[in-house]
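Below is one structure, written out as C-alpha cells; comments come after it.
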Amino acid sequence: MKSTYELAVLYHPDLEIDIDKAEAKVSKIVTDNGGEVTNKESWGKRKTAYPVKGHEHAVYVFYALELEGASVQKIESVLNITDEVIRFLIVKQDEKAQSKAASFRAKRKNPDADERPERTERSERSHRSDRNEEGER
Amino acid sequence: MTKKVTRETTGSIFFDYKDVKTLQRYVNQYGQIEVRKRTGLTEMQQRRLAKAIKRARHIALLPFVANN
C-alpha cells in the first residue's frame, strides 16, 4: 500500500544556480525505488540555524511523495551517499491530524448554530472590556 | 515564579515542522522547548509540538542551542 510521505532536502549551497540537475538526480532516486513525486516546494537558498557539514547556507526543497513503505529505507540509503544532498528528512504525513486541525479552524471561522449561545456570552464580555478601555482614557 | 498561561484553544492544533514562525513562539531564547505550563497546550498538542520542533532542528530550521 502506498502512502504519502514528505521529503525535505538541503542541497549544497554552491548548487543554487544549477539546482535543476541535482533535483533531477533526487527525483530519479525516488522514481527508481518505485516512488512518485506529487508536489514540490522550493524555498531557495537560506541560512541554516547551525553549520551543516561545514556550510552556513543550504538550498531548501520540499517534496510530497507517494511511496511504498519498504522503499523509504532504500531511498534513505541512496540519499546518504549523494554528494549534492547535505541533509534530508523523510516523514510520513499525518493526514489525520492535519485534516482535524483544518476542520477545527474552519469551525472557528463560521461557528455552527449550536455554538451561538457561547457567542452572545463572548459579546457581553467584550462590552465590559470596552467600558474598561473608556475608563482608562 | 513562572506564570501559567491560559489555554489557547480547546481544539486540536497541527504543528508543521516547516512553519518556523509558529514553532519559534514555543522555544525560549536559548532554543529550548518551553514547558506545558508556559505553552498552555494540552498533553497531546505538546507532544506533537515537541516532535515538530525536533524535526525542524534536524533540517536546521531551528537551532539546537542558540546563544545570541
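All of the numbers you see were taken from the coordinates with simple rules; none came from a lab. Keep in mind that what you see is a predicted model, and the values were worked out from it rather than measured. Here the Cβ positions follow ideal geometry from the backbone for every residue, glycine too, while neighbour counts run over all protein chains shown.
Any idea which of (1) β-branched (V, I, T); (2) within 26 Å of B:V65 (Cβ to Cβ); (3) without any contact (Cβ under 8 Å) to a residue 60 or more places away in the chain is the one A:I90 doesn't satisfy?
(3)
Return the total of residues in region A:75-108 being over 19 Å from A:N33 (Cα atoms) and in a helix (DSSP H, G or I).
Here the count works out to 14.
Give me a count of the residues in region B:30-45 that are surrounded by 14 or more Cβ atoms within 10 Å (Cβ to Cβ), under 19 Å from B:L62 (Cα atoms) and of a type in the set (A, V, I, L, M, F, W, C).
1
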